[in-house]
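The values are calculated or read from the model by the stated rules, or taken from the named source; none is laboratory data. Keep in mind that what you see is a predicted model, and the values were worked out from it rather than measured. Every residue, glycine as well, gets a Cβ built from its backbone with ideal geometry; the counts of neighbours run over all protein chains shown. Remember, those area values only see protein heavy atoms, side chains included, never the ligands or the DNA or RNA. Shrake-Rupley method; radii C 1.70, N 1.55, O 1.52, S 1.80 Å.
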Amino acid sequence: MEQKTKGAIFDLDGVVVDTAKYHYLAWDRLAGEMGFRLDSSVNERLKGVSRMDSLEIVLQAGGIGGISQEEKLRLAQRKNGYYQEMIKEISPSELLPGTVEFIKKLKERNYKTALGSASKSGGLILKRLGIISLFDVVVDGNQVSRAKPDPEVFFTAADRMGIPYEDCVVIEDAGAGVRAAHAGGMKCIGVGDRDVLAEADLVVENTAELSQIELIF
Ligand code: BG6
Ligand code: MG
């Protein structure tokens, strides 16, 4: 009997490509201009959340309040400018080891694959890296309005793959992403720090370990 088709939804930053550090560096540059620095605990909280939600976290870290919505938009735009500069010439050397192999392995085993990223640059980065064809469906920050931990991005990806939510597994490096997967009734493989990702169904320390996973989902 042929195995039933399942879905695998990949986060981008920190799972497919090593861009989480660029988001952090861009926010830290902005913070520096406002007179403070971001530490690694703030970095962890920035993972997976939308640009405007990230800005709120950064402002809070610097104890900065009373900023108008207009000014917030300008600040977020400035950060994005720094980020765009950093990813302008992104090359396949930034692909995280093992993820592409894992995606290929899943496809051989009758999984449909999707990108489920909060980033408005998600699709663009896949194109620049020449790996967009590995994904049956691409959902990024341009198609959703509610940020992780809301499951909208994963629901959209599953709906477009035509796979029931309970037959989807999400691969995530962010606590907000793990919570979003579970809020959507999906399984989740966490990649990274076991303390941060404790709620995931399975945690691997890094992407290189992904391909060793026996597909129990
Ligand atoms: C997520 C990143 O994938 O995308 C966050 O983990 C980032 O750090 C978010 O803030 C939004 O990205 P962008 O490119 O739309 O500002
Ligand atoms: Mg991520």
Residues of region 166-199 satisfying the condition of being within 16 Å of ligand 1 (Cβ to nearest atom), of a type in the set (A, V, I, L, M, F, W, C) and either at pLDDT 95 or above or more than 13 Å from the chain's Cα centre (by Cα) (or both): V170, I171, V178, A180, A181, C188, V191, V196, L197
Could you list, in sequence order, all residues of region 163-178 that are in contact (Cβ under 8 Å) with a residue 24 or more places away in the chain and away from ligand 2 (no atom under 13 Å from the Cβ)? I163, D167, C168, V169
Limited to region 78-105, what total is found for residues that are among the small types (G, A, S) and touching a helix residue (DSSP H, G or I) at 6+ places or on another chain (Cβ under 7 Å)? 1
Only one of these conditions is not met by K112: (1) more than 9 Å from ligand 1 (Cβ to nearest atom); (2) touching a Gly at 6+ places or on another chain (Cβ under 7 Å); (3) not in a strand (DSSP E or B). Which number is it? (3)
Could you list, in sequence order, all residues of region 5-41 that are of a type in the set (S, T, N, Q) and surrounded by fewer than 21 Cβ atoms within 10 Å (Cβ to Cβ)? T5, S40, S41
When restricted to E44, E89, E94, E2, the only residue open to solvent by 30 Å² or more (accessible area, probe 1.4 Å), at pLDDT 95 or above and of a type in the set (D, E) is E94
For region 65-79, does any single residue satisfy the condition of being open to solvent by 20 Å² or more (accessible area, probe 1.4 Å) and in contact with a Phe, Trp or Tyr (Cβ under 9 Å, 6 or more places away or on another chain)? no
It is to be established whether one or more residues within region 5-26 are of a type in the set (S, T, N, Q) and away from ligand 2 (no atom under 15 Å from the Cβ). yes
Can you confirm whether region 99-110 contains a residue that is crowded, with 18+ Cβ neighbours inside 10 Å and of a type outside the set (A, V, I, L, M, F, W, C)? yes
